[in-house]
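Here the structure comes first, spelled out in structure tokens, and everything after it is commentary.
Values quoted throughout were computed directly from the atomic coordinates according to the rules given, and no laboratory measurement underlies them. Given the structure is predicted, the values throughout are model-derived calculations rather than measurements. Virtual Cβ from ideal backbone geometry, glycine too; neighbours counted across all protein chains shown.
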Amino acid sequence: GEPGHPGVRMLILGRQGAGKGTQAERLGRLCAVPHISTGDMLRAAVREGTPLGRRAKQIMDAGDLVPDEVMVGIVDDRLHEPDAERGWILDGFPRTVGQAEALAEITAGAPLEVVVDLAVDNAVVIERISSRRVCPGCGTIYRADDAAIADGTCPKCGGHPVLRDDDQPEAIQRRLDLYEQETAPLVDHYRAQGLLETVDGLGTEDEVFARILAVVDARTADRG
Ligand code: AP5
């Protein structure tokens with residue numbers, strides 16, 4: 001992290017495979033604020049076999065959404081941890097208008113500063129999702145053709161990156177349909193609040209990162 005960075009309170013919207021996790025992880029390190037991915041938190045609960053994980057597993061594998069009240073509770077707790085005081089980058093939450101309204105209440109004292117909508121079209125996301133590999137040990141996201149995992153081993157933890165359980169074709173379609181129905185309305189919701197920045201998600205990871213950083217820096221320029 002960069003201790004000099006003022007921090008930021010933001011969220012990243014975008015279809016499945018748009019690159020939210022990839023970009024939010026990197027931005028969190030740069031801004032020295034936690035990257036809070038509700039998908040990663042749920043997958044960790046599934047791995048650990050907690051009651052939440054047991055409940056979430058079937059829902060996630062089918063590509064459905066975990067109920068709002070469950071998700072709101074998880075995020076409320078997470079945002080009250082000490083490392084979230086300088087800011088946070090939410091990835092995968094909110095996903096419904098109900099979750100967005102709950103977030104506004106939770107963060108009333110220190111509200112959202114910017115919402116990045118990472119724009120990519122359907123053909124690209126399906127291609128990206130089917131070539132995604134995720135390390136079950138540390139959660140790092142790779143592309144199948146990444147030279148770093150050419151021997152099948154994660155260079156960070158020695159785990160063996162695999163296709164996610166919900167990255168099967170039927171579940172992908174279900175998730176994309178739900179995105180249109182439940183999550184896409186958040187674009188207008190945040191545009192109306194003056195928080196929305198649409199960022200082109202095509203191009204290399206470095207190109208997309210530079211675009212995101214430019215809008216985040218512009219929005220937080222006067223933050224003390
Ligand atoms: P979640 O984990 O949030 O999954 P998602 O929304 O399906 O998003 P993805 O992880 O698929 O996409 P991403 O945009 O992060 O893409 P990535 O960076 O990996 O949620 C999973 C499930 O949990 C949900 O379906 C639901 O059941 C449940 N859930 C979670 N939150 C919930 C909530 N709030 N309410 C209810 N239920 C909830 O990139 C994709 C691939 O592309 C990677 O391989 C990457 O390496 C590659 N890539 C990235 N950028 C580029 C680039 N510029 N060029 C080429 N390749 C790229």
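Side notes on the structure shown:
- Karplus-based coupling profile of region 155-164, in residue order and whole Hz: x, 7, 9, x, x, 10, x, 9, 6, 5, with θ = phi - 60° in 6.51 cos²θ - 1.76 cosθ + 1.60 and x standing for Gly or Pro.
- Peptides ranked, highest mean first, by Cβ atoms within 10 Å: ranges 180-186, 76-82, 111-117: 111-117, 180-186, 76-82
- Label-reachable residues, region 199-223, where backbone N falls under 12 Å from a point 7 Å from K156's Cα toward its Cβ: none
- Gyration tensor (alpha-carbon) shape descriptor, the chain, a/c threshold 1.5: rounded
- The chain: most fluctuating residue of D83, D40, D206 per GNM, C-alpha cutoff 10 Å: D206
- Most fluctuating residue given options P94, P34, P136, as computed from a GNM of the chain linking Cα atoms under 10 Å: P136
- Long-range HN-HN contacts of R164 with modeled amide H, under 5 Å: V134
- Over the chain, Cα pairs under 8 Å with separation of 6+ residues give a relative contact order of 28 percent.
- In the chain, the DSSP beta bridges split such that about 20 percent are antiparallel, to the nearest 5.
- A cut-off of 5 Å between modelled amide H atoms, ignoring neighbours fewer than 5 places along the same chain, links L13 with V116, D117, L118.
- Phi angles of region 81-92 translate, via the Karplus equation with coefficients 6.51, -1.76, 1.60 and θ = phi - 60°, into HN-Hα couplings of 7, x, 5, 8, 5, 7, x, 6, 10, 8, 9, x Hz per residue; Gly and Pro are given as x.
- Projected label points at D217 and E170, each 7 Å from Cα along the beta carbon direction, are separated by 4.8 nanometres.
- Integer Hz, Karplus 6.51/-1.76/1.60 couplings in order for region 57-70, x for Gly and Pro: 3, 5, 4, 5, 4, 7, x, 7, 9, 5, x, 3, 5, 5
- Virtual paramagnetic centre 7 Å along Cα→Cβ of A119, amide N under 17 Å, in region 9-47: 12-16, 18-20
- Highest GNM mean-square fluctuation among T153, T204, T96, for the chain modelled with Cα contacts below 10 Å: T204.
- Over the residues of the chain, the helix contribution to mean residue ellipticity at 222 nm works out to -13500 deg cm²/dmol, using -39500 (n - 2.57) for each DSSP H run of at least 4.
- Each pair of Cα atoms in region 1-43 enters the Kirkwood radius, and Stokes-Einstein at 10 °C and 1.306 mPa s then converts it into a translational diffusion coefficient of 144 µm²/s.
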